[in-house]
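To start, the structure under review is shown below, and the notes come after it.
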Amino acid sequence: MNDMTVPQGGALTVPGRGFEGMRMDKADLILPRAKLLQALSPEVAEGTMEGAKPGQIINSLLRTILPSRVVPIFCFKSWFRFNPRDPQSEVFNGDFEPGAMIWRSLDPDDPKVIEEAAFGENGEPPLALTCLNFFSLFPSVPMPIVLSFSKTSYKTGKQLLSLARFCGGDMWNRAYQLGSTLQKNDKGTYYIFTVTTLGESSPEERQQAEAWWGHFSEKASALKVHEEEQDTVEV
């Protein structure tokens, strides 16, 4: 099924007028992601979102604050390599702009992933970034949201995956509360995601989640996520 008509409830089921005769593939759509704002995020530092504050979690596409309740539907990994922002870095690639994406992959057997996403023999940090992504339902939000965990939030992503896996049944059978907490290191302060369980999801949430799972999960590799770019350094 390539068109965007989903067989069960939810905002994507009945397109309005203007879409007649157009078959939209999943790759034609840009999925928003849950973006955790830092002090140097453009929404905060440059004022591109009114009232934005560090620690808030927003819809990256609409730039609106997301509800804290989330129902994960399915999970997939992705890998990215970004050019360092500092041109003086030893691994800076002169063929790309500072901070630009050099490559992206969803294939764990990709030679680039194998070579650049693992720690070095002497503990050198990987050149590529690993992300744990959850295609998710946020109640009252009429579109699926991708919740990505990487860097210092990666541990929280593993916690969410473990909670969902060990509880058994479909991933969307349980709901979680998404939040953030302030952390500190030798470079400064930054926020990371937090996740706590809220118990079983509602029948309406499960119905919508199953519809989106049936429509999107088999083509996860074709999904385009909004602002897949190098976030501001977490300081």
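Computing FRET efficiency as 1/(1 + (r/R0)^6) for residue 224 and residue 182, where r is the C-beta to C-beta distance and R0 is 30 Å, gives about 0.45.
Near the amide H of residue 56, within less than 5 Å, lie the amide hydrogens of 37, all on another chain or at least 5 residues away, with H placed in the peptide plane. Below 8 Å, C-alpha to C-alpha, sequence gap of six or more: please give me the relative contact order for the chain in percent. Once normalised by length, the contact order is 26 percent. Within the chain, the longest run free of GluC sites (Glu not before Pro) that sit in a DSSP loop with at most 14 other Cβ atoms within 10 Å is 122-226. Estimated from helices alone, the mean residue ellipticity of the chain at 222 nm is -4500 deg cm²/dmol (sum of -39500 (n - 2.57) over DSSP H runs with n ≥ 4, per residue). Relative to the current alpha-carbon distance between residue 86 and residue 197, full extension at 0.36 nm per residue lengthens the span by 36.0 nm. Estimated from the Cβ-Cβ distance and a Förster radius of 41 angstrom, the FRET efficiency linking residue 119 and residue 204 is about 0.40.
Please compute the modelled spin-label separation between residue 152 and residue 101, points set 7 Å along Cα→Cβ, answer in nm with one decimal. Placing both labels 7 Å along Cα→Cβ, they lie 2.4 nm apart. Shown in residue order for the stretch 89-105 are the 3J(HN,Hα) couplings computed by the Karplus curve 6.51 cos²θ - 1.76 cosθ + 1.60 at θ = phi - 60°: 5, 5, 9, 5, 9, x, 7, 10, 5, x, x, 6, 6, 8, 7, 9, 8 Hz (x for Gly and Pro). The gain in end-to-end length when the residue 77 to residue 29 segment is fully stretched comes to 15.4 nm, 0.36 nm per residue minus the alpha carbon separation. Over the chain, the Kirkwood radius and the radius of gyration, each from Cα atoms, give a ratio Rg/Rh of 0.97. Near residue 180, the amide H atoms lying under 5 Å from its own belong to 194; only residues 5 or more places off or on other chains count, and H is placed 1.01 Å from N. Between the Cα long axis of helix 154-166 and the first principal axis of the chain there is an angle of about 40°, rounded to the nearest 10.
Across the stretch 126-137, rounded Karplus estimates of 3J(HN,Hα) from the backbone phi angles (6.51 cos²θ - 1.76 cosθ + 1.60, θ = phi - 60°) give x, 6, 9, 9, 9, 10, 9, 10, 10, 6, 9, 10 Hz, Gly and Pro being marked x. Work out which chymotrypsin sites (Phe, Trp or Tyr not before Pro) in the chain are exposed loop sites (DSSP not H, G, I, E or B, at most 16 other Cβ within 10 Å) and give the longest gap free of them. That would be 120-235. 3J(HN,Hα) along the stretch 53-61, derived from phi through the Karplus expression 6.51 cos²θ - 1.76 cosθ + 1.60 where θ = phi - 60°, amounts to 9, x, x, 6, 10, 10, 6, 5, 7 Hz, with x in place of Gly and Pro.
Taking a ≥ b ≥ c as the square roots of the Cα gyration tensor eigenvalues, with a/c under 1.5 meaning rounded and otherwise prolate when a/b beats b/c, else oblate, which class fits the stretch 153-205? Cα axes put the stretch 153-205 in the prolate bin.
According to the square roots a ≥ b ≥ c of the eigenvalues of the Cα gyration tensor, what is the shape class of the stretch 172-231, taking rounded for a/c under 1.5, prolate for a/b larger than b/c otherwise, and oblate for the remainder? Oblate, since a/c reaches 1.5 and b/c is not below a/b. Here's how it looks for residue 82: its modeled amide H is under 5 Å from those of 102, 129, which are all 5 or more places away or on a different chain. Element breakdown for the chain at a 1.4 angstrom probe: carbon and sulfur atoms account for 51% of the accessible area. Against the main long axis of the alpha-carbon atoms of the chain, helix 203-216 sits at an angle near 70°. Name the shape class, rounded, prolate or oblate, that the alpha-carbon gyration tensor gives for the stretch 120-235, where a ≥ b ≥ c are the square roots of its eigenvalues, rounded holds for a/c under 1.5, and otherwise prolate holds if a/b is larger than b/c and oblate otherwise. Prolate, since a/c reaches 1.5 and a/b exceeds b/c. The GNM of the chain, with springs linking C-alpha atoms under 10 angstrom apart, assigns the highest mean-square fluctuation among 206, 165, 81 to 165. Treating r as the C-beta distance of residue 170 and residue 110 and R0 as 35 Å, the FRET efficiency rounds to 0.75.
The values are calculated or read from the model by the stated rules, or taken from the named source; none is laboratory data. It should be emphasised that the depicted structure is a prediction, and the values quoted were computed from it without experimental measurement. FYI the Cβ positions are ideal-geometry reconstructions off the backbone, even for glycines, and counts take in every protein chain you see. With ligands, DNA and RNA removed, areas are computed over all heavy atoms of the protein, side chains included. Shrake-Rupley method; radii C 1.70, N 1.55, O 1.52, S 1.80 Å.
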